[in-house]
1. Order these peptides, 34-47, 84-97, by their mean beta-carbon neighbour count within 10 angstrom, highest first.
2. Using per-residue counts of other Cβ atoms within 10 Å, averaged over each peptide, order 17-26, 48-57, 107-116 from highest down.
3. Answer with one residue from ALA66, THR31, THR5: the one whose Cα lies farthest towards the positive end of the charge dipole of the chain, charges on Cβ with Lys, Arg +1 and Asp, Glu -1.
4. Do the sum for the chain: with -39,500 (n - 2.57) for every DSSP H run of n ≥ 4, divided by all residues, what is the mean residue ellipticity at 222 nm, to the nearest 500 deg cm²/dmol?
5. Taking every alpha carbon pair in the chain, what does the distance histogram look like in 5 angstrom bins from 0, in percent?
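Just so it is clear, none of the values below were taken in a lab; they were calculated from the coordinates. Note that the coordinates shown come from a computational prediction; the quantities given were computed from them, not determined experimentally. Please note: Cβ atoms are built from the backbone with ideal geometry, for glycine as well, and neighbour counts cover all protein chains shown.
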Amino acid sequence: MAGRTGQVILMLAGLIAWAVQFTFIYGATSTLCGRGWAGATILGIGSVQAFVLIATLTALIVTASALAWSLRAYGQMRDRAVTADRFMSHAGVLINGFSLLVVLWQGLPAFILPACA
């Protein structure tokens with residue numbers, strides 16, 4: 001990615017994906033539970049779990065892609081003399097790596113706990 005704006009977007013992509021996943025999970029869960037649709041099944045799994053699975057897989061794909069790009073940028077920037085570029089590429093690797101864990105942590109309870117408890 002070229003420019004400082006691209007570096008910032010790449011650095012924060014995992015957190016943005018997590019925020020969208022978080023919003024989608026809680027929005028879908030509250031709507032499905034509030035309307036009494038949580039008992040419905042989609043392809044053999046509960047509707048809430050299906051929505052959580054879709055949101056989690058999508059966020060994982062986006063975050064893993066951002067992590068891969070961040071690792072590549074880190075490898076290219078490591079030898080540069082510009083400290084800000086090195087910091088942003090290193091921060092991108094750390095933030096996106098941490099975001100992978102957070103996305104998994106956010107999606108996991110839907111498969112352990114009852115949907116509308």
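1. 84-97, 34-47
2. For the peptides 17-26, 48-57, 107-116, the packing ranking is 48-57, 17-26, 107-116.
3. Positive-end residue among those listed: THR5.
4. -27500 deg cm²/dmol
5. All Cα pairs considered, the percentages come to 2, 13, 20, 17, 13, 10, 8, 7, 5, 3, 1, 0.
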